[in-house]
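As structure tokens, the structure follows; a few thoughts come after it.
The numbers here are math on the coordinates, done by the rules we state, and not lab data. Since this is a predicted model, take the numbers as computed values, not measurements. So basically every Cβ, Gly included, is an ideal-geometry build from the backbone, and we count neighbours across all protein chains shown.
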Amino acid sequence: MDVDVREVAPGVWQARAKHVAWVLVVDGEEVTLVDTGYPGDRERVIASLEKVGRSPADVAAVILTHAHPDHLGSAEYFRTEVGTPVLVHEREVPNATGTRIEQVSVATLLARVWRPDVAVWMRDIVALKAARVDRLGSVETFAADPLDLPGRPRPVHTPGHTSGHAAFHLPDRGALLVGDALMTEHALARTPGPQLLPSFFNHDGEAALASLETLSRLEADVLVPGHGPAFQGSPGDAVAAALAAASRA
Ligand SMILES: [Zn+2]
């Protein structure tokens, strides 16, 4: 199965499929699953659990950085088929349940389909069933800080990419899981390295920049994005690189 699973901090495993990543935070026998890939990544999500010696039944909860189809992919499957609680930030509930969807429109993408990278990426994400994601029938919100889950993740509201986007800080593990607040590699980015997602993916670009400041104040040794490899360094260093990239764009 084509998923690369690496331990990027103690008990923190980043699983990377072709276009998106998710994270397994292992604590004893249990796992917190952070994001769930595209719908078409389901076998890869299960394979990633097997690679760390766990199964879907060991997932104590699914927590979502945000509810775009490449992160939400198997959340409803876990909720309904495995009985796993799924949690999002309270402002992400409408996106997760589908009552108010915040994501790039098909029209916006089609306007760019003359770009070969966009055309290839769109073909891939259609194959990954991006347009057929199951929204959540019900969802819980982050009621504690830290969350009483494996790894004791601390949700950090980082709006911009979506209104209810959250990063997860794992101070005990020296890791900061940043979702799509910042990424290091994407099929539609010209160069690798810490940066914001291409602007048409962000609901509110100004808020996305402000959220970088929030991230830069946290302490960690590694940043783990939803797209691209982990960044070894401090959030301050990653944010400085992302701000420099934004000023060049
Ligand atoms: Zn996203």
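Considering only P225, P69, P56, the mean-square fluctuation computed in a Gaussian network model of the chain, springs between alpha carbons under 10 angstrom, is largest for P56. Pairs of C-alpha atoms in the stretch 4-248 farther apart than 28 Å represent 23 percent of all such pairs. Residues considered: T84, T158, T36. Largest GNM mean-square fluctuation over the chain, using C-alpha springs under 10 Å, is found at T84.
Taking the DSSP bridge list for the chain and keeping only pairs wholly inside it, about 70 percent are antiparallel. As a length-normalised measure over Cα pairs under 8 Å and 6 or more apart, the relative contact order of the stretch 4-248 settles at 18 percent. Which of G73, G179, G98 moves most in a GNM of the chain, Cα contacts under 10 Å? With Cα springs under 10 Å in the chain, the top fluctuation among G73, G179, G98 is at G98.
Distance from the C-alpha centroid of the stretch 81-140 to that of the stretch 218-249: 24 Å, rounded to the whole angstrom. Converting phi to 3J(HN,Hα) with the Karplus coefficients 6.51, -1.76 and 1.60 and the offset θ = phi - 60°, the stretch 3-12 yields 9, 9, 10, 10, 7, 9, 7, x, x, 10 Hz in sequence order, with x at every glycine or proline.
Fewest neighbouring Cβ atoms within 10 Å first, the residues L147, L64, L209, L170 line up as L209, L147, L170, L64.
In debye to the nearest 20, how big a dipole does the chain give about its Cα centre with +1 on each Lys and Arg Cβ and -1 on each Asp and Glu Cβ? Before the final figure, lay out each step's value.
Details: 22 positive and 32 negative charges, 161 e Å.
My answer is approximately 780 debye.
Taking the charge dipole of the chain about its Cα centre, with +1 at Lys and Arg Cβ atoms and -1 at Asp and Glu Cβ atoms, the residue from G11, G83, L188 reaching farthest to the positive side is L188.
How big is the antiparallel share of DSSP beta bridges in the stretch 153-226, given as a percent to the nearest 5? Walk me through the numbers on the way to the answer.
Details: 8 of 12 bridges.
Rounded to the nearest five, the antiparallel share is 65 percent.
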